[in-house]
Amino acid sequence: MKRIRVLFQLGIVIAAAVTGIRFSLGHSLTSVEKYCPFGGLETAYALFTRQRFTCAAGELNLALFLSLILLTLLARKAFCGWVCPVGALSEWTGKMGKRWLRYPSFDGLWKIPEKTRRVFQVVLRTIVIAAVLAATWTTGELVFRGYDPYYILFSVHGHDVRMWSYIILGALLGIGVIMPMAWCRFLCPLGTALWPVSKIGFLRLRRSENACTGCGACDEACPQSLTIATVPEVRSGECTLCLECTDACPSPGALELFTNGKKP
Amino acid sequence: MRVPTWVLPFLIILCAGIGIGGARLLVMPSVVKNYASPPAGASLATTILVIDGLKCVDTAERAAGQLEGVPGVVSFTAFASRNRAEIVFDSNICTVNDIINAIEGPVYNASTGEFLFGVYRIVEADGVQYAAK
(Lines give C-alpha, C1' and ligand atoms only; values in the text may rest on other atoms or scores of the structure.)
Protein backbone atom coordinates (compact mmCIF):
# COMPACT_ATOMS: atom_id res chain seq x y z
CA MET A 1 0.00 0.00 0.00
CA LYS A 2 2.99 2.28 0.66
CA ARG A 3 3.96 2.09 -3.02
CA ILE A 4 0.44 2.88 -4.17
CA ARG A 5 0.35 5.92 -1.90
CA VAL A 6 3.72 7.16 -3.19
CA LEU A 7 2.42 6.68 -6.73
CA PHE A 8 -0.67 8.73 -5.86
CA GLN A 9 1.48 11.51 -4.39
CA LEU A 10 3.96 11.47 -7.28
CA GLY A 11 1.15 11.46 -9.83
CA ILE A 12 -0.54 14.47 -8.23
CA VAL A 13 2.73 16.43 -7.87
CA ILE A 14 3.60 15.77 -11.53
CA ALA A 15 0.04 16.61 -12.68
CA ALA A 16 0.10 19.89 -10.71
CA ALA A 17 3.52 20.81 -12.11
CA VAL A 18 2.46 20.01 -15.69
CA THR A 19 -0.77 22.01 -15.25
CA GLY A 20 1.19 24.99 -13.93
CA ILE A 21 3.80 24.84 -16.71
CA ARG A 22 1.18 24.47 -19.46
CA PHE A 23 -0.76 27.44 -18.09
CA SER A 24 2.33 29.61 -17.75
CA LEU A 25 3.39 28.81 -21.33
CA GLY A 26 -0.08 29.70 -22.60
CA HIS A 27 -0.86 26.13 -23.75
CA SER A 28 -3.85 25.86 -21.43
CA LEU A 29 -6.37 28.18 -19.79
CA THR A 30 -6.57 26.02 -16.66
CA SER A 31 -4.54 27.31 -13.75
CA VAL A 32 -3.56 25.12 -10.77
CA GLU A 33 -5.72 27.23 -8.45
CA LYS A 34 -8.83 25.80 -10.10
CA TYR A 35 -8.04 22.45 -8.49
CA CYS A 36 -7.56 23.79 -4.96
CA PRO A 37 -10.40 22.62 -2.70
CA PHE A 38 -9.62 25.37 -0.20
CA GLY A 39 -10.78 27.84 -2.86
CA GLY A 40 -14.24 26.29 -2.40
CA LEU A 41 -14.26 27.28 1.26
CA GLU A 42 -12.86 30.72 0.44
CA THR A 43 -15.62 31.38 -2.05
CA ALA A 44 -18.46 29.87 0.02
CA TYR A 45 -19.24 33.08 1.90
CA ALA A 46 -19.45 35.23 -1.24
CA LEU A 47 -21.57 32.55 -2.85
CA PHE A 48 -24.13 32.51 -0.05
CA THR A 49 -24.21 36.26 0.57
CA ARG A 50 -23.77 37.69 -2.92
CA GLN A 51 -24.47 34.68 -5.15
CA ARG A 52 -21.13 35.06 -6.86
CA PHE A 53 -17.71 33.47 -6.69
CA THR A 54 -14.66 35.08 -5.13
CA CYS A 55 -12.04 36.22 -7.62
CA ALA A 56 -10.77 33.24 -9.65
CA ALA A 57 -12.49 30.56 -7.53
CA GLY A 58 -15.27 28.71 -9.28
CA GLU A 59 -17.51 25.69 -9.52
CA LEU A 60 -14.66 23.18 -9.56
CA ASN A 61 -13.19 24.56 -6.32
CA LEU A 62 -16.55 24.34 -4.61
CA ALA A 63 -17.35 20.86 -5.92
CA LEU A 64 -13.89 19.61 -4.94
CA PHE A 65 -14.29 21.07 -1.46
CA LEU A 66 -17.67 19.36 -1.01
CA SER A 67 -16.30 16.05 -2.25
CA LEU A 68 -13.34 16.50 0.08
CA ILE A 69 -15.74 16.85 3.02
CA LEU A 70 -17.35 13.59 1.89
CA LEU A 71 -13.93 11.91 1.62
CA THR A 72 -12.99 13.18 5.09
CA LEU A 73 -16.24 11.87 6.55
CA LEU A 74 -15.39 8.48 5.11
CA ALA A 75 -11.61 8.27 5.25
CA ARG A 76 -10.59 11.07 7.59
CA LYS A 77 -7.68 13.22 6.40
CA ALA A 78 -6.76 10.78 3.62
CA PHE A 79 -6.60 13.78 1.29
CA CYS A 80 -3.61 15.17 3.23
CA GLY A 81 -1.68 11.90 3.19
CA TRP A 82 -2.58 10.66 -0.28
CA VAL A 83 -3.52 13.59 -2.50
CA CYS A 84 -2.28 16.99 -1.30
CA PRO A 85 0.93 17.85 -3.21
CA VAL A 86 2.09 20.19 -0.42
CA GLY A 87 1.51 17.37 2.07
CA ALA A 88 3.60 15.08 -0.16
CA LEU A 89 6.47 17.58 -0.37
CA SER A 90 6.29 18.22 3.39
CA GLU A 91 6.50 14.50 4.00
CA TRP A 92 9.41 14.04 1.60
CA THR A 93 11.40 16.92 3.09
CA GLY A 94 10.65 15.51 6.55
CA LYS A 95 11.92 12.10 5.46
CA MET A 96 15.05 13.74 4.03
CA GLY A 97 15.64 15.51 7.33
CA LYS A 98 15.01 12.33 9.26
CA ARG A 99 17.64 10.53 7.19
CA TRP A 100 20.25 13.33 7.01
CA LEU A 101 19.96 14.65 10.54
CA ARG A 102 19.26 11.20 11.97
CA TYR A 103 16.44 11.99 14.32
CA PRO A 104 14.39 8.94 15.23
CA SER A 105 10.80 10.05 14.59
CA PHE A 106 8.83 12.72 12.78
CA ASP A 107 9.06 14.89 15.89
CA GLY A 108 12.18 16.38 14.31
CA LEU A 109 15.24 17.70 16.07
CA TRP A 110 13.27 18.79 19.11
CA LYS A 111 10.56 16.66 20.64
CA ILE A 112 7.82 19.00 21.77
CA PRO A 113 5.64 17.60 24.57
CA GLU A 114 2.29 16.50 23.16
CA LYS A 115 0.21 18.95 25.21
CA THR A 116 2.37 21.92 24.20
CA ARG A 117 2.23 20.80 20.57
CA ARG A 118 -1.55 20.62 20.69
CA VAL A 119 -1.78 24.14 22.14
CA PHE A 120 0.56 25.42 19.41
CA GLN A 121 -1.47 23.63 16.77
CA VAL A 122 -4.79 25.05 17.91
CA VAL A 123 -3.51 28.62 18.39
CA LEU A 124 -1.48 28.89 15.18
CA ARG A 125 -4.03 27.18 12.99
CA THR A 126 -6.91 29.21 14.37
CA ILE A 127 -5.01 32.43 13.72
CA VAL A 128 -4.12 31.37 10.16
CA ILE A 129 -7.57 30.15 9.10
CA ALA A 130 -9.34 33.11 10.75
CA ALA A 131 -7.00 35.60 9.06
CA VAL A 132 -7.30 33.95 5.65
CA LEU A 133 -11.08 33.60 5.69
CA ALA A 134 -11.69 37.04 7.19
CA ALA A 135 -9.42 38.70 4.61
CA THR A 136 -10.92 36.75 1.72
CA TRP A 137 -14.51 37.22 2.77
CA THR A 138 -14.18 40.96 3.41
CA THR A 139 -12.14 41.85 0.31
CA GLY A 140 -13.62 39.36 -2.14
CA GLU A 141 -10.07 38.61 -3.33
CA LEU A 142 -7.92 35.51 -2.89
CA VAL A 143 -5.48 37.45 -0.70
CA PHE A 144 -3.80 34.29 0.59
CA ARG A 145 -2.53 33.33 -2.87
CA GLY A 146 0.89 34.94 -2.51
CA TYR A 147 1.49 33.00 0.72
CA ASP A 148 0.01 29.68 -0.36
CA PRO A 149 2.76 27.07 -0.82
CA TYR A 150 0.61 25.12 -3.31
CA TYR A 151 0.12 28.18 -5.50
CA ILE A 152 3.72 29.41 -5.18
CA LEU A 153 5.08 25.96 -6.03
CA PHE A 154 2.87 25.01 -8.93
CA SER A 155 1.64 28.25 -10.53
CA VAL A 156 5.10 28.85 -12.08
CA HIS A 157 5.38 32.45 -10.92
CA GLY A 158 1.66 33.04 -11.12
CA HIS A 159 -0.35 36.16 -10.36
CA ASP A 160 0.41 37.60 -6.88
CA VAL A 161 3.62 35.55 -6.50
CA ARG A 162 6.44 37.91 -5.48
CA MET A 163 9.99 37.50 -4.25
CA TRP A 164 8.83 37.25 -0.66
CA SER A 165 6.53 34.37 -1.68
CA TYR A 166 9.64 32.35 -2.54
CA ILE A 167 11.29 33.37 0.71
CA ILE A 168 8.23 32.10 2.62
CA LEU A 169 8.22 28.87 0.59
CA GLY A 170 11.96 28.34 1.17
CA ALA A 171 11.54 28.97 4.88
CA LEU A 172 8.64 26.50 5.09
CA LEU A 173 10.59 23.81 3.23
CA GLY A 174 13.67 24.52 5.36
CA ILE A 175 11.71 24.31 8.59
CA GLY A 176 10.15 21.12 7.22
CA VAL A 177 13.58 19.47 7.24
CA ILE A 178 14.23 20.08 10.94
CA MET A 179 10.59 20.00 12.03
CA PRO A 180 8.84 17.61 9.64
CA MET A 181 5.34 18.45 8.39
CA ALA A 182 5.53 21.88 10.09
CA TRP A 183 3.22 23.43 7.49
CA CYS A 184 0.66 20.62 7.70
CA ARG A 185 0.73 20.32 11.47
CA PHE A 186 0.82 23.96 12.52
CA LEU A 187 -0.35 26.22 9.71
CA CYS A 188 -2.38 24.61 6.91
CA PRO A 189 -5.85 26.22 6.89
CA LEU A 190 -7.38 23.39 4.85
CA GLY A 191 -6.16 20.87 7.42
CA THR A 192 -7.77 22.99 10.13
CA ALA A 193 -11.07 23.13 8.26
CA LEU A 194 -11.03 19.35 7.81
CA TRP A 195 -10.05 18.53 11.40
CA PRO A 196 -13.56 18.49 13.01
CA VAL A 197 -14.89 16.37 10.14
CA SER A 198 -11.91 14.03 10.32
CA LYS A 199 -12.47 13.57 14.05
CA ILE A 200 -15.77 11.81 13.35
CA GLY A 201 -14.44 10.02 10.24
CA PHE A 202 -15.76 6.56 9.44
CA LEU A 203 -12.50 4.63 9.02
CA ARG A 204 -9.88 4.38 11.71
CA LEU A 205 -6.86 2.33 12.72
CA ARG A 206 -7.16 -0.08 15.61
CA ARG A 207 -4.37 -1.72 17.52
CA SER A 208 -4.77 -5.28 18.66
CA GLU A 209 -3.34 -5.57 22.17
CA ASN A 210 -2.84 -9.30 21.67
CA ALA A 211 -0.79 -8.98 18.48
CA CYS A 212 1.09 -5.76 19.39
CA THR A 213 4.62 -6.25 20.74
CA GLY A 214 4.89 -2.64 21.95
CA CYS A 215 8.03 -1.99 19.86
CA GLY A 216 6.93 1.59 19.05
CA ALA A 217 7.81 1.34 15.33
CA CYS A 218 4.39 2.80 14.48
CA ASP A 219 5.04 5.94 16.56
CA GLU A 220 8.38 6.47 14.84
CA ALA A 221 6.89 6.02 11.38
CA CYS A 222 3.86 8.30 11.80
CA PRO A 223 4.43 11.52 9.78
CA GLN A 224 1.95 13.32 12.03
CA SER A 225 3.82 12.17 15.18
CA LEU A 226 0.66 10.65 16.62
CA THR A 227 0.76 8.26 19.55
CA ILE A 228 -0.29 4.85 18.25
CA ALA A 229 1.65 2.26 20.27
CA THR A 230 -0.19 2.88 23.52
CA VAL A 231 -3.76 3.55 22.38
CA PRO A 232 -6.37 0.97 21.37
CA GLU A 233 -7.61 3.14 18.49
CA VAL A 234 -6.21 6.17 16.63
CA ARG A 235 -8.92 8.74 17.28
CA SER A 236 -6.96 11.88 16.51
CA GLY A 237 -8.47 14.08 13.83
CA GLU A 238 -4.93 14.47 12.47
CA CYS A 239 -4.65 10.86 11.27
CA THR A 240 -4.24 10.87 7.47
CA LEU A 241 -4.59 7.09 7.11
CA CYS A 242 -1.26 7.10 5.28
CA LEU A 243 -0.70 3.58 6.64
CA GLU A 244 2.99 4.25 7.33
CA CYS A 245 2.38 2.76 10.78
CA THR A 246 0.90 -0.48 9.43
CA ASP A 247 3.81 -0.79 7.00
CA ALA A 248 6.34 -0.22 9.79
CA CYS A 249 4.63 -2.65 12.15
CA PRO A 250 6.57 -5.94 12.40
CA SER A 251 3.63 -7.83 13.87
CA PRO A 252 1.01 -8.86 11.28
CA GLY A 253 -2.53 -7.93 12.29
CA ALA A 254 -1.47 -5.63 15.13
CA LEU A 255 -2.68 -2.51 13.33
CA GLU A 256 -5.65 -2.73 11.04
CA LEU A 257 -8.23 -0.53 9.42
CA PHE A 258 -11.72 -0.69 10.92
CA THR A 259 -15.00 1.13 10.54
CA ASN A 260 -15.94 3.48 13.34
CA GLY A 261 -18.13 1.63 15.80
CA LYS A 262 -18.12 -0.71 18.73
CA LYS A 263 -15.13 -2.95 19.03
CA PRO A 264 -15.99 -6.56 18.18
CA MET B 1 -15.85 -4.19 10.93
CA ARG B 2 -12.39 -4.78 9.46
CA VAL B 3 -11.78 -2.98 6.17
CA PRO B 4 -9.17 -3.93 3.55
CA THR B 5 -6.66 -1.15 2.86
CA TRP B 6 -7.43 -1.01 -0.89
CA VAL B 7 -10.65 0.74 0.11
CA LEU B 8 -8.65 3.94 0.72
CA PRO B 9 -7.41 4.55 -2.85
CA PHE B 10 -10.84 3.48 -4.09
CA LEU B 11 -12.59 6.08 -1.90
CA ILE B 12 -10.15 8.79 -2.98
CA ILE B 13 -10.73 8.10 -6.68
CA LEU B 14 -14.50 7.92 -6.10
CA CYS B 15 -14.62 11.27 -4.27
CA ALA B 16 -12.36 12.92 -6.86
CA GLY B 17 -14.77 11.68 -9.55
CA ILE B 18 -17.73 13.04 -7.59
CA GLY B 19 -15.97 16.41 -7.24
CA ILE B 20 -14.97 16.76 -10.87
CA GLY B 21 -18.32 15.42 -12.12
CA GLY B 22 -20.26 17.54 -9.64
CA ALA B 23 -18.57 20.70 -10.92
CA ARG B 24 -20.40 20.19 -14.22
CA LEU B 25 -23.73 20.36 -12.40
CA LEU B 26 -22.83 23.52 -10.49
CA VAL B 27 -23.13 26.25 -13.09
CA MET B 28 -23.16 29.78 -11.76
CA PRO B 29 -22.26 32.88 -13.76
CA SER B 30 -19.50 35.14 -12.44
CA VAL B 31 -20.96 38.26 -14.02
CA VAL B 32 -24.27 38.99 -15.75
CA LYS B 33 -24.61 42.29 -17.57
CA ASN B 34 -27.67 43.45 -19.45
CA TYR B 35 -27.29 46.26 -21.95
CA ALA B 36 -30.08 47.99 -23.87
CA SER B 37 -33.31 46.00 -24.36
CA PRO B 38 -33.65 44.61 -27.87
CA PRO B 39 -36.05 46.46 -30.18
CA ALA B 40 -39.22 44.80 -31.37
CA GLY B 41 -38.53 42.46 -34.26
CA ALA B 42 -34.94 41.93 -33.24
CA SER B 43 -33.33 38.71 -34.40
CA LEU B 44 -31.65 37.51 -31.22
CA ALA B 45 -28.71 35.16 -31.42
CA THR B 46 -26.26 33.80 -28.84
CA THR B 47 -22.55 33.31 -29.25
CA ILE B 48 -20.39 31.37 -26.84
CA LEU B 49 -16.79 32.52 -26.61
CA VAL B 50 -13.83 31.02 -24.77
CA ILE B 51 -11.66 33.97 -23.83
CA ASP B 52 -8.05 33.88 -22.69
CA GLY B 53 -7.80 36.56 -19.99
CA LEU B 54 -11.29 35.95 -18.61
CA LYS B 55 -10.23 34.27 -15.40
CA CYS B 56 -11.91 35.95 -12.46
CA VAL B 57 -14.79 38.21 -11.48
CA ASP B 58 -12.76 41.39 -12.10
CA THR B 59 -11.61 40.38 -15.57
CA ALA B 60 -15.16 39.27 -16.40
CA GLU B 61 -16.51 42.67 -15.36
CA ARG B 62 -13.88 44.38 -17.44
CA ALA B 63 -14.76 42.18 -20.45
CA ALA B 64 -18.41 43.14 -19.95
CA GLY B 65 -17.30 46.78 -20.04
CA GLN B 66 -15.69 46.19 -23.44
CA LEU B 67 -19.14 45.52 -24.92
CA GLU B 68 -20.63 48.66 -23.42
CA GLY B 69 -21.83 50.82 -26.28
CA VAL B 70 -21.51 48.12 -28.95
CA PRO B 71 -24.77 48.43 -30.90
CA GLY B 72 -26.93 45.31 -30.88
CA VAL B 73 -25.38 43.59 -27.86
CA VAL B 74 -28.18 42.64 -25.45
CA SER B 75 -26.48 40.75 -22.62
CA PHE B 76 -23.18 39.31 -21.45
CA THR B 77 -22.93 36.35 -19.09
CA ALA B 78 -19.46 35.24 -17.98
CA PHE B 79 -18.40 31.94 -16.43
CA ALA B 80 -14.92 32.98 -15.38
CA SER B 81 -13.80 29.63 -13.97
CA ARG B 82 -14.46 28.13 -17.42
CA ASN B 83 -13.05 31.14 -19.31
CA ARG B 84 -16.40 31.25 -21.10
CA ALA B 85 -18.86 34.00 -21.98
CA GLU B 86 -22.30 33.83 -23.52
CA ILE B 87 -23.34 36.92 -25.40
CA VAL B 88 -26.85 37.57 -26.68
CA PHE B 89 -27.00 40.02 -29.56
CA ASP B 90 -29.28 41.28 -32.30
CA SER B 91 -27.95 39.71 -35.48
CA ASN B 92 -29.64 42.42 -37.58
CA ILE B 93 -27.39 45.03 -36.01
CA CYS B 94 -24.09 43.31 -35.18
CA THR B 95 -22.11 40.16 -35.91
CA VAL B 96 -19.99 37.80 -33.87
CA ASN B 97 -16.90 39.44 -35.39
CA ASP B 98 -18.01 42.86 -34.09
CA ILE B 99 -18.29 41.34 -30.60
CA ILE B 100 -14.89 39.64 -30.87
CA ASN B 101 -13.26 42.86 -32.09
CA ALA B 102 -14.77 44.79 -29.18
CA ILE B 103 -13.60 42.25 -26.60
CA GLU B 104 -10.10 41.93 -28.08
CA GLY B 105 -9.79 45.70 -28.43
CA PRO B 106 -7.68 47.87 -26.11
CA VAL B 107 -8.87 48.02 -22.52
CA TYR B 108 -9.02 51.40 -20.84
CA ASN B 109 -7.45 51.43 -17.39
CA ALA B 110 -9.27 54.15 -15.46
CA SER B 111 -6.72 54.28 -12.63
CA THR B 112 -3.74 55.02 -14.91
CA GLY B 113 -5.60 56.57 -17.86
CA GLU B 114 -3.78 54.19 -20.22
CA PHE B 115 -5.02 51.72 -22.80
CA LEU B 116 -3.89 48.12 -22.38
CA PHE B 117 -3.52 45.93 -25.45
CA GLY B 118 -3.84 42.15 -25.71
CA VAL B 119 -5.74 41.76 -22.43
CA TYR B 120 -8.30 39.38 -23.97
CA ARG B 121 -7.80 36.86 -26.74
CA ILE B 122 -10.60 34.78 -28.20
CA VAL B 123 -9.60 31.12 -28.18
CA GLU B 124 -12.84 29.54 -29.31
CA ALA B 125 -16.03 30.93 -30.84
CA ASP B 126 -19.14 28.73 -30.82
CA GLY B 127 -17.10 25.57 -30.42
CA VAL B 128 -14.64 26.39 -33.20
CA GLN B 129 -10.96 27.25 -32.54
CA TYR B 130 -10.88 30.94 -33.30
CA ALA B 131 -7.37 31.03 -34.75
CA ALA B 132 -8.41 28.36 -37.24
CA LYS B 133 -11.31 30.44 -38.52
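The values are calculated or read from the model by the stated rules, or taken from the named source; none is laboratory data. What you see is a predicted model, and the numbers here were worked out from it, not measured in a lab. Methodologically, a virtual Cβ is constructed for each residue, glycine included, from the backbone with ideal geometry; neighbour enumeration extends over all protein chains shown.
Restricting attention to the range A:213-258, report how many residues are within 19 Å of the chain's Cα centre (by Cα), among the hydroxyl-bearing types (Ser, Thr, Tyr) and buried (at least 16 other Cβ atoms within 10 Å of the Cβ).
3
Has the range A:181-203 got any residue that is in a helix (DSSP H, G or I), at negative phi and without any contact (Cβ under 8 Å) to a residue 40 or more places away in the chain? Full working, then the answer.
Going residue by residue through the range A:181-203, those that are in a helix (DSSP H, G or I) are A:182-187, A:189-199.
The next check asks that each one be at negative phi; those that pass are A:182-187, A:189-199.
Imposing the further condition that a residue be without any contact (Cβ under 8 Å) to a residue 40 or more places away in the chain reduces the set to A:199.
Yes: one or more hits.
Take the residues of the range A:231-253 that are in contact with a Pro (Cβ under 8 Å, 6 or more places away or on another chain) and not in a helix (DSSP H, G or I): which is modelled with the lowest pLDDT? Step through it out loud before you land on a result.
Applying the first criterion (in contact with a Pro (Cβ under 8 Å, 6 or more places away or on another chain)) to the range A:231-253 yields A:237, A:240, A:242, A:244.
In the following step, the residues that additionally are not in a helix (DSSP H, G or I) were identified as A:237, A:240, A:242.
On the way: A:Gly237: 90, A:Thr240: 94, A:Cys242: 93.
Of everything passing the filter in the range A:231-253, A:Gly237 is modelled with the lowest pLDDT.
Looking only at the range A:173-205, count every residue that is touching a helix residue (DSSP H, G or I) at 6+ places or on another chain (Cβ under 9 Å), over 22 Å from A:Val119 (Cβ atoms) and charged (D, E, K, R) and tell me the total.
The qualifying residues number 0.
So, in the range B:1-12, how many residues would count as being within 25 Å of A:Leu62 (Cβ to Cβ) and facing chain A (nearest Cβ under 8 Å)?
4
List every residue pair whose Cβ atoms lie under 7 Å apart, where the two residues are 6 or more positions apart in sequence or sit on different chains, the first residue falls within the range B:47-65 and is facing chain A (nearest Cβ under 10 Å), and the second residue, located anywhere, is part of a helix (DSSP H, G or I) and among the basic types (Lys, Arg).
No pair meets every condition.
If you scan the range B:52-73, which residues turn out to be touching a Cys at 6+ places or on another chain (Cβ under 8 Å) and over 16 Å from B:Glu104 (Cβ atoms)? Talk me through it step by step, then tell me what you get.
The first filter runs over the range B:52-73 and keeps only residues touching a Cys at 6+ places or on another chain (Cβ under 8 Å), leaving B:56-58, B:70-73.
Selection gives B:Cys56, B:Val57, B:Asp58, B:Pro71, B:Gly72.
How many residues are under 22 Å from A:Gln51 (Cα atoms) and assigned to a strand (DSSP E or B) when one looks only at the range B:17-66?
The initial filter retains those residues of the range B:17-66 that are under 22 Å from A:Gln51 (Cα atoms), namely B:19-35, B:54-65.
If we keep only those that are assigned to a strand (DSSP E or B) as well, we get B:31-34.
Qualifying residue count for the region: 4.
Here are some conditions: (1) part of a loop (DSSP other than H, G, I, E, B); (2) within 24 Å of A:Ile4 (Cα to Cα); (3) without any contact (Cβ under 8 Å) to a residue 60 or more places away in the chain. A:Cys218 meets all but one. Which one does it not meet?
With (1) part of a loop (DSSP other than H, G, I, E, B); (2) within 24 Å of A:Ile4 (Cα to Cα); (3) without any contact (Cβ under 8 Å) to a residue 60 or more places away in the chain applied to A:Cys218, the lone miss is (1).
Kindly indicate whether any position in the range B:69-77 is away from chain A (no Cβ under 14 Å), under 23 Å from B:Val27 (Cα atoms) and surrounded by fewer than 17 Cβ atoms within 10 Å (Cβ to Cβ).
For the range B:69-77, residues away from chain A (no Cβ under 14 Å), under 23 Å from B:Val27 (Cα atoms) and surrounded by fewer than 17 Cβ atoms within 10 Å (Cβ to Cβ): absent.
I'm checking my understanding of the structure. Among residues of the range A:41-66 that are farther than 14 Å from A:Arg145 by Cα and charged (D, E, K, R), which one is nearest to the other protein chains (Cβ to nearest Cβ)?
Per the stated criteria, the residue is A:Glu59.
Could you tell me which residue of the range B:13-42 is nearest to B:Ile93 (Cα to Cα), considering only residues that are more than 13 Å from chain A (Cβ to nearest Cβ) and in contact with a strand residue (DSSP E or B) (Cβ under 9 Å, 6 or more places away or on another chain)?
Within the range B:13-42, the first condition is being more than 13 Å from chain A (Cβ to nearest Cβ), and the residues that meet it are B:34-42.
Among the residues that remain, those that are also in contact with a strand residue (DSSP E or B) (Cβ under 9 Å, 6 or more places away or on another chain) are: B:34-39, B:42.
Working: B:Asn34: 17, B:Tyr35: 14, B:Ala36: 13, B:Ser37: 13, B:Pro38: 10, B:Pro39: 11, B:Ala42: 9 Å.
So the residue we want is B:Ala42.
Does the range A:164-180 hold any residues that are within 29 Å of A:Gly40 (Cβ to Cβ), loosely packed, with under 15 Cβ neighbours inside 10 Å and either touching a Leu at 6+ places or on another chain (Cβ under 6 Å) or without any contact (Cβ under 8 Å) to a residue 12 or more places away in the chain (or both), and which are they?
A:Ile167, A:Gly170, A:Ala171
Table: residues versus (1) at pLDDT 90 or above; (2) in contact with a strand residue (DSSP E or B) (Cβ under 9 Å, 6 or more places away or on another chain); (3) not aliphatic (A, V, I, L, M).
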position	(1), (2), (3)
A:Thr30	no, no, yes
A:Phe38	yes, no, yes
A:Tyr45	no, no, yes
A:Phe53	no, no, yes
A:Ala56	no, no, no
A:Ala63	yes, no, no
